[in-house]
Amino acid sequence: IGGATALFAATIGTAQNDIKRVLAYSTVSQLGYMFLAMGVGAFAAGIFHLMTHAFFKALLFLGAGCVIQALHEEHNMFRMGGLRRELPVTFWTFLIGSCSLAALPLVTAGFYSKDLILWVAWSSADGSPWLWGAGLFGAFLTAIYTFRMVFLTFFGPAQGHPHPERSYCLSLPLVILAIASTIAGVIELPRT
């Protein structure tokens, strides 16, 4: 069920236009990975992914909130664009969170936790190549819709006139969460 949930939610996430809906379906997809870990008996791997997911998803939702606020409550990613120069702190931290969600190898916390789940789905007595394949394909789809979100929001022609980044009260939590989204993977709980 966990592998199917991750795959189904990732598929729906690829068709969303609302930046918060993309992140919401992404959360369901990541919960699918946690259930996959529980289903194959990798409880520590599931909790580890819950921890790393908390960092990068909090970062992404906070970054999405900064974008929405800067664009006068606009949620549609097709009405965004060109924000990397206007919102540099939000852009770089959002990119780090997106890389962690997409499990960019070796440099993000999301890679270590998702890789551990996929490894156990393959090698566990309760796992199978089918579960591993569903999890891997879900990870591929996650990378597609995550970077689609980044490119639509921060690249291309500007679609509006955003407010500039004004507050260090928002920038500081973004930076702290970006650091945690990068280095939390070194904690790696014991394998089950």
Taking the stated definitions as given, is Thr182 open to solvent by less than 70 Å² (accessible area, probe 1.4 Å), closer than 18 Å to Asp18 by Cα, polar (S, T, N, Q) and out of contact with any strand residue (DSSP E or B) (no Cβ under 9 Å at 6 or more places or on another chain)? no
When you go through Glu73, Glu86 one by one, which is the residue that is in a loop (DSSP other than H, G, I, E, B), touching a Pro at 6+ places or on another chain (Cβ under 6 Å) and among the charged types (D, E, K, R)? Glu86
Which residue pairs have Cβ atoms under 9 Å apart, sit 6 or more places apart or on different chains, and have a first residue in the stretch 97-109 that is buried (at least 24 other Cβ atoms within 10 Å of the Cβ) and a second that is part of a loop (DSSP other than H, G, I, E, B) and of a type outside the set (Val, Ile, Thr)? Ser98/Leu104; Thr108/Ala102
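Give me the helices (runs of 4 or more DSSP H) completely within the stretch 93-192, filtered to those with at least 2 residues that are closer than 19 Å to Ala37 by Cα, ordered by residue number. Give the derivation first.
Details: elements: 109-123, 129-154, 168-183.
Hits in the stretch 93-192: 109-123, 129-154.
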Please enumerate the residues belonging to the stretch 118-146 that are open to solvent by less than 50 Å² (accessible area, probe 1.4 Å) and within 27 Å of Ala64 (Cα to Cα). Gly135, Gly138, Ala139, Leu141, Thr142, Ala143, Tyr145, Thr146
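The values are calculated or read from the model by the stated rules, or taken from the named source; none is laboratory data. Note that the structure is a prediction, hence the values are computed from the model and not measured. Cβ atoms come from the backbone with ideal geometry, glycine included; neighbour counts cover every protein chain shown. Note: areas computed on protein heavy atoms with side chains; ligands, DNA, RNA excluded. Shrake-Rupley method; radii C 1.70, N 1.55, O 1.52, S 1.80 Å.
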